[in-house]
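*Asks:* Structure below; questions to follow.
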Amino acid sequence: MVIKDKDIEWYRTAARAKAADSDMRKPMSALLLRKNEVICEANNYRVWGFQEKFSIHAEEALISLCAKKGIKTSGCTVFVYRKRAKNINGTSRPCIKCMEILKKAGIKQIIYFNGDNFMVEGIKK
């Protein structure tokens, strides 16, 4: 899949809107892309357990939502976005746990912000 600058800007706009739904201090969103089209989107959120609270990462929420809706993720791309104050891009490379979840879901590549640029990274099986 060829990623163009105009596509990145469109994905960032869509992801920023979804991140606004997050109740987290560091709002993040993840978009599932198939042939440059957004198929599904999710954001990070808090879960209140019996005695403590914990967070669900945007990537976890995305794969879970896809499973719930019966959306096939194999061969797709995931765009991960972190919104900072004043709509500044925040670093958004998935953590090791989320990378493993994406790998098991058959995601072929991720797009994320590394602090300077948006990066496209393949996921090896």
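*Asks:* Which entries in the list K68/K97; K6/K68; K53/K108; K18/K104; K53/K124 go over 29 Å, if you measure between the two C-alpha atoms of each? If you can, show how the numbers build up before the last one.
*Replies:* Values: K68/K97 20 Å; K6/K68 31 Å; K53/K108 32 Å; K18/K104 24 Å; K53/K124 33 Å.
The pairs that break the limit, which is 29 Å between Cα atoms, are K6/K68; K53/K108; K53/K124.
*Asks:* Another question, if that's okay. Could you check how many percent of all C-alpha pairs in the chain are farther apart than 25 Å?
*Replies:* 17
*Asks:* Oh, and also: Tell me the label-point distance for the pair K26, A85, using the 7 Å Cα-to-Cβ offset, in nm and rounded to one decimal.
*Replies:* My value for the distance between the label points is 1.6 nm.
*Asks:* For the range 42-88, state the semi-axes of the equivalent ellipsoid (square roots of 5 times the eigenvalues of the alpha-carbon gyration tensor), sorted largest first and rounded to whole angstrom.
*Replies:* The answer is 22, 19, 7 Å, longest axis first.
*Asks:* What value, in deg cm²/dmol to 500, does the helix sum -39500 (n - 2.57) over DSSP H runs of n ≥ 4 give at 222 nm once divided by the residues of the chain?
*Replies:* -9000 deg cm²/dmol
*Asks:* Shifting gears a bit: How large is the accessible surface of S29 in square angstrom, using a 1.4 angstrom probe and rounding to the nearest 10?
*Replies:* Solvent-accessible area, nearest 10 Å²: 0 Å².
*Asks:* Another question, if that's okay. List the aspartates and glutamates whose Cα lies under 17 Å from the Cα of K125, skipping any in the same chain that are fewer than 8 positions away.
*Replies:* Answer for K125, where 17 Å is the Cα cut-off: E100, listed by chain and number.
*Asks:* For the range 1-58, just say rounded, prolate or oblate: build the C-alpha gyration tensor, square-root its eigenvalues into a ≥ b ≥ c, call rounded for a/c under 1.5, and beyond that prolate if a/b exceeds b/c, oblate if not.
*Replies:* prolate
The values are calculated or read from the model by the stated rules, or taken from the named source; none is laboratory data. On a predicted model such as this, the values are computed, not experimentally measured, just so you know. As a convention, Cβ positions derive from the backbone with ideal geometry for all residues, glycine included, and neighbour counts pool all protein chains shown. Please note that ligands, DNA and RNA were not included when accessible areas were found on the heavy atoms of the full protein model with its side chains. Shrake-Rupley method; radii C 1.70, N 1.55, O 1.52, S 1.80 Å.
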